[in-house]
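The next block holds one structure in the form of structure tokens; read it before the comments.
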Amino acid sequence: MMNLWMTIRRLFCRKSIDVQEHSITEMEKYLIVGLGNPGPEYAGTRHNTGYMVLDAFAKASNICFEDKRYGYVAVASLRGRRLILLKPTTFMNLSGNAVRYWLQKENIDQSHLLVIADELALPLGTFRLKANGSNGGHNGLGHIQQLIGQQYPRLRMGIGNEFRQGGQIDYVLGRYSDEEMQVLQPAIDTAVEIIKSFVLAGVDITMNAYNRKKTGNGTNGKN
């Protein structure tokens with residue numbers, strides 16, 4: 001059923017790659033990365049929250065992802081800027097391979113890179129944008145840090161930490177319940193707006209505008 005839906009959607013959404021290729025080569029470019037794991041068995045899991053944010057952005061922009069080297073890729077334009085959306089297919093622990101490849105391929109400066117990842121240390125439904133920093137124990141961010149350092153912006157999406165001792169792996173690979181999605185969805189919607197603000201206004205202005213902003217389900221985290 002999922003494959004049928006994806007096939008139907010591809011018929012109606014715009015091709016993202018090579019659209020007006022010659023006219024956008026001079027555009028200012030940004031790489032927006034949503035971390036996660038490929039495959040239907042990981043769809044809707046907490047560890048795939050980065051994927052979910054990019055899916056929401058692509059849906060709002062009516063563009064589709066295509067299976068490219070190291071990831072699913074879609075391209076959007078926003079007021080003269082070119083946004084390359086990347087969902088790495090390297091699996092989480094090797095995310096840096098995809099990020100480094102697409103930065104180099106598209107000749108994008110790390111200041112124009114935004115990585116979106118799940119965060120256990122933040123309550124569900126909250127988020128935190130940072131201009132740089134450590135990986136915080138996140139395996140995907142850790143591998144990116146190994147390959148390109150830690151001087152790049154990242155958006156951490158809170159998933160909470162409601163699990164017993166020793167249950168972290170099952171928790172992050174577990175799917176959101178319907179009730180949890182009601183809490184998470186406003187944060188995903190806000191994350192889509194954060195991406196736009198990051199591209200148009202820069203990370204500092206975006207941090208000031210959104211890090212203390214309330215979502216539809218309460219005050220945003222401060223961690």
Kindly establish whether Ala60 is modelled with pLDDT of 95 or more, surrounded by 12 or more Cβ atoms within 10 Å (Cβ to Cβ) and in a strand (DSSP E or B). no
Right, Leu54: surrounded by 22 or more Cβ atoms within 10 Å (Cβ to Cβ) and assigned to a strand (DSSP E or B) or not? no
For residues that are touching a Ser or Thr at 6+ places or on another chain (Cβ under 8 Å) and of a type in the set (A, V, I, L, M), scanning just the stretch 142-173, find the one that is surrounded by the fewest Cβ atoms within 10 Å (Cβ to Cβ). Leu173
Could you please give the count of residues in the stretch 91-110 that are of a type outside the set (A, V, I, L, M, F, W, C) and under 15 Å from the mean Cα position of the chain (by Cα)? 2
Going through the stretch 39-91 one residue at a time, which ones are of a type outside the set (Gly, Ala, Ser) and on the phi > 0 side of the Ramachandran plot? Asn62, Tyr70, Arg79, Phe91
Being more than 27 Å from Ala201 (Cα to Cα), among the β-branched types (Val, Ile, Thr) and in contact with a Gly (Cβ under 9 Å, 6 or more places away or on another chain): is that true of Thr45 here? yes
Would you confirm whether any residue within the stretch 192-200 is within 21 Å of Asn132 (Cβ to Cβ) and not in a helix (DSSP H, G or I)? no
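Residue by residue, here is whether (1) at pLDDT below 95; (2) over 13 Å from Val33 (Cβ atoms) holds:
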{"position": "Lys105", "(1), (2)": "no, yes"}
{"position": "Leu113", "(1), (2)": "no, no"}
{"position": "Leu124", "(1), (2)": "no, yes"}
{"position": "Gly136", "(1), (2)": "yes, yes"}
{"position": "Leu141", "(1), (2)": "no, no"}
{"position": "Leu147", "(1), (2)": "no, no"}
{"position": "Gln151", "(1), (2)": "no, yes"}
Within the stretch 105-134, work out how many residues are among the basic types (Lys, Arg) and in contact (Cβ under 8 Å) with a residue 60 or more places away in the chain. 2
Quick check on the stretch 90-108: of everything there that is part of a loop (DSSP other than H, G, I, E, B) and either among the aromatic types (Phe, Trp, Tyr) or touching a Lys or Arg at 6+ places or on another chain (Cβ under 9 Å) (or both), which residue is surrounded by the fewest Cβ atoms within 10 Å (Cβ to Cβ)? Asn107
Filtering the stretch 160-191 down to residues that are charged (D, E, K, R) and assigned to a loop (DSSP other than H, G, I, E, B), which residue is farthest from the chain's Cα centre (by Cα)? Arg164
Determine whether Gly137 is more than 19 Å from Val73 (Cβ to Cβ), free of Cβ contacts under 8 Å to residues at least 60 places away in the same chain, outside any helix (DSSP H, G or I) and of a type in the set (Gly, Ala, Ser). yes
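The values are calculated or read from the model by the stated rules, or taken from the named source; none is laboratory data. Quick caveat, the model's predicted, so the values are computed rather than measured. In this analysis, Cβ positions are derived from the backbone assuming ideal geometry, glycine residues included, and neighbour counts consider all displayed protein chains.
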